[in-house]
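I have placed the structure first, in the form of structure tokens, so that the comments after it can refer back to it.
The values are calculated or read from the model by the stated rules, or taken from the named source; none is laboratory data. None of these values were measured; they are calculated from a predicted model. Here the Cβ is made from the backbone with ideal geometry for all residues, glycine too, and neighbour counts use every protein chain on show.
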Amino acid sequence: MTTPVRSRARRGRRGLVRQVPLRTHWLLLSVLVLTLTSALLLQGWTRHMFGTEADGAAPSQGANGSVPAQVRDGGPVIDAATGRTTRPAAGTLALTFDDGPDPHWTPQILDVLKREGVHATFFVVGTQVADHPELARRILAEGHQIGIHTFTHANLAQAAPWRRSLELREAQQALAGATGTTTSLLRPPYSSGNDALTDADWSALQDASRSGYLTVLTTLDSEDWRRPGVPAIVANATPKSADGQVLLMHDAGGDRSQTVAALAELLPKLKAAGFRFATVGEATGLPQVQHPATTADHWQGLALLGALTTSDWVLTVLGWLLWGAGAIGLLRMVALVVAARRHKRLRRRGWGPPVTEPVSVIVPAYNERAGIEAAVRSLLASDHPVEVIVVDDGSTDGTADLVESLNLPYVRVIRQANAGKPAALNNGLRHARAELVVMVDGDTVFERDAVRMLVQPFADRRVGAVSGNAKVVNRGGLLGRWQHIEYVVGFNLDRRLFDLAECMPTVPGAVGAFRRSALLRIGGVAGETLAEDTDLTMALCRAGWRVVYEERARAWTEAPASLGALWRQRYRWCYGTLQAMWKHRGALGQRGQSGKLGRRGLLYLLVFQVLLPLLGPVVDVFALYGLAFLDPVRIIGLWLAFQALQAATAVYAFRLDGERLGPLWTLPLQQVVYRQLMYLVVIQSVCTALAGSRLRWQRMQRYGTLQVPPPVAGG
Amino acid sequence: MVIDDTAQLDPATHPDRTVAAPLPPVFVDASGRRQRRVRRAGRLLAVPAAGYLVLLASNLLGGPAVHAPFLPQPPAQSADTPSGAAPGEPSQAAEPDPAASPAATRRAAAPTTHRATDAPPTGPGAAESTTAPGTGTPTSAAPPTPGHGKPSSPNSHKPTKSP
């Protein structure tokens, strides 16, 4: 929301003309955003579409007409392709555990089983295997069997065919990656006995069977997921007959201490009663349940585990970054408002004795025919004595001729061959007769008292430069309103903060006043950056001068009216600011006024105008992710809260400037186009800076609609 | 790109910078070496990212081929279990031990005898389940399908599904 407003670009600069386009960064950005989106989709699927309901909690309902009778009345191990079933041999109990592996409970259960010398079958959830591959390996190493329980504990009956297939394949890959084996056994989540199969269940089983799976249902439910107490679990799990049974228990999905305790009690008891424990495969005489995975499958599985771990890791890091960014943003809003209040109080004191000495106004102009007359006339109408120096930087549209033909008093025209804005400013500085100089863009119109207000702070001997208050004149349309908001907030909040902290990084080229002697001592305006105003201001700060903000010195300026023009302007500003920051990076370690600029101003710019915008694409992707997978109400609430805060600070800034609040309704809309444009500009600038490419000095189309608007009501 | 920024601030070394030759623009690297290096760094970011995408795609599209083993015939239930008794249903067994103890203990006692024989209860033909799902012919008096009840000898029956 901050904008150091500065002068416009309209110069073709020698030495900066050759443009080496650097576009690969957009490709890179697309790939990275796509990758992040995929990682988030994976994360959303594995973590937030995970079926968290307990297996028994979703009783199957619905027609079961298509379930063959032989299956409905058959054994719990089903080959849905043929409709054949089988069951454990009599007196045999196939102990099965669903939902694991769990880092806390599975090892305890494995310990009990080992102590009792019992082998069981674990129906594992793919994401759990991916999280704890070592547990899956231990399960197999201790002689147990593994079946899959889908990848995300999905209800296969309600899933689309592609999702059914995906759930099985990913679970199998996770298993292959973790253990190097595959399994032919499937237990669908939310299943129970054969008689509970519905048509939907049956179609899921048939799909699974086509993929090569045998389905293992249960005949005896310990109902341990209800946590009914150890005795109840033992009672539930005790067979009522000598028939072979497939007994259902759970080793994950919540507190399983009762399961562990019940198991320790149950195993000796049933063994004493003559039951034999076996894996599902052994109990039903299946030839081979576990197969070694092929090398390709094993590596593919490892890749899946790697992808899951990576996305976990990336998301954790980015999540923290976003929280950090949110916190910093919040702090900044508070700091801005507090600083603005204080600044306002301090300004009431005034600057000391009134400054009445004449002022030289330098107007660098390159092809400014459309607006130059209005600009010069507005300066001459000042209530402060001025001389105006128009420096024509080799215009081709007759700007200089136009000004000369006006025959205005106190106006001089200096012509130079096109050499760029810094050279024009330096030329004007050499010709200026007064010690106080005001620099104005040729497209900016001053209010009557603006020059007087602008030089009053020079009553303070320590002040070397003063920033005025630039306002957008063309506020029509969304783009105009957005920029208007940005200017008002940037000037009334950010600039006041900079002023209080004595680290003003920019006096806008559109409206600023300087001590001529101070400028000459630092060597005038340098031409190494595209933001000569920022560069100049930073150099002044580093030379020990104070740079202050005078909000009463208002000038009206024309903002870009198209997205393309806005893009070019912001690209130049951002890139120029980066250049100036880099040029003055030495201020970070210096003492005094220079150190204040370095440690306060430069760091502020770095965080809020470079680093946070770079996070912009991540914020957008995360917002969509939150809407899709997290609680949308909470995400929207969070967003609204942040918007409300931003709106509140904007309202405050508008109040400070006596602006009508009307245009603020467009503030929430900034989130869609404007914000993206702003962060893409930063990305482009940073990439250009890193690559060291040259770039053309862009220019802006002018329309010559400038004039000071009538004073606003309520001002 | 290396800027001697202290020199600029010193009026002694640059008494009149306004006419001094301009320094090269900040960041611009005329040699193009940095651009190449940045491109390489970009590739260093893009290649793993693209690799991740490819892996993810392969994971989402692929998966190990699984082949269900041939399902053996259901093993015979214990002789005392009426054929076709639903699992878990208390069977009215012809157990020669009509002890009036609770059903659970009574049933639990039954397997002990089987256990003593150290073999799965491969009973006579009567022990066959009523449903022979593979053939779909409910045969109560069919001849036993030898071997199917024995978990130890399943390999004699090749899975018909496997290639």
A:GLU167 fails exactly one of the following numbered conditions: (1) more than 13 Å from chain B (Cβ to nearest Cβ); (2) surrounded by 24 or more Cβ atoms within 10 Å (Cβ to Cβ); (3) of a type outside the set (Phe, Trp, Tyr); (4) in a helix (DSSP H, G or I). What is the number of that condition?
(1)
Looking only at residues that are of a type in the set (A, V, I, L, M, F, W, C) and assigned to a strand (DSSP E or B) in region A:143-163, which one is surrounded by the most Cβ atoms within 10 Å (Cβ to Cβ)?
A:ILE148
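Which one of A:GLY352, A:GLY371 is assigned to a loop (DSSP other than H, G, I, E, B) and either surrounded by 13 or more Cβ atoms within 10 Å (Cβ to Cβ) or more than 18 Å from the chain's Cα centre (by Cα) (or both)?
Values: A:GLY371 fails: assigned to a loop (DSSP other than H, G, I, E, B).
A:GLY352 is the lone residue from the list that is assigned to a loop (DSSP other than H, G, I, E, B) and either surrounded by 13 or more Cβ atoms within 10 Å (Cβ to Cβ) or more than 18 Å from the chain's Cα centre (by Cα) (or both).
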Quick check on my filter: what residues within region A:194-225 are out of contact with any helix residue (DSSP H, G or I) (no Cβ under 7 Å at 6 or more places or on another chain) and surrounded by fewer than 19 Cβ atoms within 10 Å (Cβ to Cβ)?
A:ALA196, A:ASP199, A:SER203, A:GLN206, A:ARG210
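Output the residues belonging to region A:71-88 that are among the charged types (D, E, K, R), outside any strand (DSSP E or B) and at the interface with chain B (Cβ under 8 Å from one of its Cβ atoms). Reasoning before the result, please.
So the first thing to find is which residues in region A:71-88 are among the charged types (D, E, K, R), and the list is A:72-73, A:79, A:84, A:87.
Within this subset, residues satisfying the condition of being outside any strand (DSSP E or B) are A:72-73, A:87.
Scanning region A:71-88 gives A:ASP73, A:ARG87.
Helices (runs of 4 or more DSSP H) wholly in region A:404-495 with at least 3 residues that are more than 19 Å from A:PRO353 (Cα to Cα) and of a type outside the set (Lys, Arg) - which ones?
Filter on region A:404-495 gives A:421-431, A:477-489.
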Taking A:LEU530, is it farther than 26 Å from A:LEU606 by Cβ and buried (at least 24 other Cβ atoms within 10 Å of the Cβ)?
no
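Considering each of A:GLY601, A:GLY564 in turn, give the residue that is under 20 Å from A:ASN469 (Cα atoms), assigned to a helix (DSSP H, G or I) and small (Gly, Ala, Ser). Before the answer, list the steps.
On the way: A:GLY564 fails: under 20 Å from A:ASN469 (Cα atoms).
Exactly one residue qualifies, and that residue is A:GLY601.
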Tally of residues being part of a helix (DSSP H, G or I), within 19 Å of A:THR279 (Cβ to Cβ) and at the interface with another protein chain (Cβ under 7 Å from one of its Cβ atoms) across region A:170-185:
1
Among (1) within 14 Å of chain B (Cβ to nearest Cβ); (2) over 21 Å from A:LEU197 (Cα atoms); (3) in contact with a Gly (Cβ under 9 Å, 6 or more places away or on another chain); (4) surrounded by fewer than 24 Cβ atoms within 10 Å (Cβ to Cβ), the one test that A:ASP102 misses
(1)
Selection from region A:557-576 of residues that are within 25 Å of A:VAL363 (Cβ to Cβ) and either small (Gly, Ala, Ser) or at pLDDT 95 or above (or both):
A:ALA559, A:ALA561, A:ALA565, A:GLY576
When residues of region A:563-595 are limited to those that are more than 26 Å from the chain's Cα centre (by Cα) and surrounded by fewer than 19 Cβ atoms within 10 Å (Cβ to Cβ), the one nearest to the other protein chains (Cβ to nearest Cβ)
A:GLY586
Could you grab the pairs with beta carbons closer than 7 Å, sequence gap of 6+ or different chains, first residue in region A:562-581 and among the β-branched types (Val, Ile, Thr), second one modelled with pLDDT under 90 and assigned to a helix (DSSP H, G or I)?
none
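Being under 30 Å from the mean Cα position of the chain (by Cα) and at positive phi is the requirement here; does A:GLY490 meet it? Steps first, please.
Details: under 30 Å from the mean Cα position of the chain (by Cα): yes; at positive phi: no.
When the stated conditions are applied, A:GLY490 does not pass them.
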May I ask you to verify whether A:PRO354 is under 21 Å from A:VAL129 (Cβ atoms), more than 10 Å from chain B (Cβ to nearest Cβ) and in contact (Cβ under 8 Å) with a residue 40 or more places away in the chain?
no
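Somewhere in region A:419-435, is a residue within 30 Å of A:PRO668 (Cβ to Cβ), touching a residue at least 40 places away in the same chain (Cβ under 8 Å) and in the same structural domain as A:LEU331 (by TED's automatic domain parsing)?
Of all residues in region A:419-435, those within 30 Å of A:PRO668 (Cβ to Cβ) come to none.
No - not one qualifying residue is present in region A:419-435.
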Go through (1) at the interface with another protein chain (Cβ under 10 Å from one of its Cβ atoms); (2) over 20 Å from A:GLY193 (Cα atoms) and name the single condition A:ALA283 misses.
(2)
Taking region A:507-527 and keeping residues surrounded by fewer than 22 Cβ atoms within 10 Å (Cβ to Cβ) and within 30 Å of A:ARG345 (Cα to Cα) leaves A:ARG515, A:ARG516, A:ALA518
Residues to consider are A:ALA262, A:ALA196, A:ALA252; find the one that is over 25 Å from A:PRO133 (Cβ atoms), away from every other protein chain (no Cβ under 13 Å) and among the small types (Gly, Ala, Ser).
A:ALA262
